[in-house]
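The values are calculated or read from the model by the stated rules, or taken from the named source; none is laboratory data. The model shown is predicted, which means the values in this text are computed figures rather than measured ones. Counting neighbours? That spans all protein chains shown, and the Cβs are built from the backbone with ideal geometry, glycine included. Note: accessible area is taken over every heavy atom of the protein model, side chains too, but ligands, DNA and RNA are not part of it. Shrake-Rupley method; radii C 1.70, N 1.55, O 1.52, S 1.80 Å.
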Amino acid sequence: MRRPRGEPGSRAPRPAERVTYAGPGESCFPSDGPLLCALEQERRSRLPPKPPSPHRPAIYGGQRLEVALSCPRFLQYPRQHLIRSLAEARPEELTPHVMVLLAQHLARHRLREPQLLEAIAHFLVVQEAQLNSKVVQKLVLPFGRLNYMPLEQQFMPCLERILAREAGVAPLATVNILMSLCQLQCLPFRALQFVFSPSFINHINGTPPSLIVRRYLSLLDTAVELELPGYQGPRLPQRQRVPIFPQPLITDRARCKYSHKDMVAEGLRQLLGEENYRQNLTVPPGYCTDFLLCVSSSGAVLPMRTQDPFLPYPPRSCQQDQANFNSTTQDPAQRVVLMLRERWHFCRDGRVLLGSRALRERHLGLMGYQLLPLPFEELESQRGLPQLKSYLRQKLQALGLRWGPEGG
């Protein structure tokens, strides 16, 4: 068990161990600048005062900023008005470590702050020659996660040059960068050709991150299939593909007690009958759906036991679908996916879906699934199961769906 702070035998934290000192040539913030003063004031309001240690050296400039951003209690309670002041500083004055801390802060707390994100993008462009892919993957992370494409015009050309220079050095970092760009719908063809090449795939096989890299490569291959019809380069071999997200995401499992999924499942069970929908079904190429229904062309909800719930992947063309329809007497069923949009599926402002969520919805739609979003604002306004059933009935009927005796 973790000992409470101050318990006999516990080791008190030593802040000095967390401090890194600026070396020759490294620039720092002025110690009396408005940013550092604001950070220090915020820390004093959260943490109890400590007597100064005679053996602790003075900390100035960027070092104080690093300590402030690294403070666990500061990270747990983000203050948007405070971190906005970072945008007033010149990015050239920041160290890569500080910018990584800031990027992690924004991503962790889902803070879609355009000024700060633009500052990170500009820093990346200015410091391009000094940054390796392991640092760049951390700087690029908040852009994909927060679904924010920066206005900085050199952002993409800079990343393409870094990928061309570093792709063979750190495979996992390379694929992480491409994952962020995939969420932004701006994958560079040259980098895709490299990561799908036999030499790159052979290089990652047998390495510790092999499985996670193959999972990311499988998602990138899906993006190529669905979103990049003009791509003519190599693709991921079938034998190397693995399910992308075979189960609910970690954030959903961690927050399951706050989720509306059980309540919606009970509402659907009473409304449709449990034989008429599937919950947490993973559809090819590996996306986990919240709830899936099969619906006839006339709008009748069909029993799941009588239908194949999966649409073909890769998707067939419209001509193929028409030919298959003409050659059979079966009524083609439409697959409807009910998508829970929980509060934590959005950036902190509650208006923009996180990049991973937007990517999943976009790909499911491109594969032919009809999406029915259930926003958290609407779910939270339902008071009890009767209201929820009425809400779900209205949602389904708005799509023209019928069930029970009226469904035929």
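Cβ separations smaller than 6 Å between residues 6+ apart or across chains give the following pairs from the range 334-363 residues that are in contact (Cβ under 8 Å) with a residue 60 or more places away in the chain to residues that are among the small types (G, A, S) and open to solvent by less than 20 Å² (accessible area, probe 1.4 Å): G355/G144. Scanning the range 110-135 for residues that are crowded, with 17+ Cβ neighbours inside 10 Å and modelled with pLDDT under 90 yields a total of 4. Of the residues contained in the range 195-203, one or more are found to be outside any loop (DSSP other than H, G, I, E, B) and closer than 25 Å to P315 by Cα. Checked against (1) out of contact with any Cys (no Cβ under 8 Å at 6 or more places or on another chain); (2) surrounded by fewer than 19 Cβ atoms within 10 Å (Cβ to Cβ); (3) at pLDDT 90 or above; (4) not in a helix (DSSP H, G or I), T328 passes all but a single condition, namely (3). When every residue of the range 163-177 is checked against the conditions, at least one turns out to be in contact with a Phe, Trp or Tyr (Cβ under 8 Å, 6 or more places away or on another chain), within 23 Å of Y313 (Cβ to Cβ), at pLDDT 95 or above and not in a loop (DSSP other than H, G, I, E, B).
Condition check ((1) at pLDDT below 90; (2) in contact with a strand residue (DSSP E or B) (Cβ under 9 Å, 6 or more places away or on another chain)) across all residues:
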| position | (1), (2) |
| --- | --- |
| A254 | yes, no |
| Y258 | yes, no |
| V264 | no, yes |
| R269 | no, no |
| E275 | no, no |
| R278 | no, yes |
| D290 | no, yes |
| A323 | yes, no |
| R341 | no, yes |
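Each residue in the range 197-230 was checked for being among the acidic types (D, E), out of contact with any helix residue (DSSP H, G or I) (no Cβ under 8 Å at 6 or more places or on another chain) and either closer than 14 Å to L181 by Cβ or open to solvent by 60 Å² or more (accessible area, probe 1.4 Å) (or both), and 1 pass.
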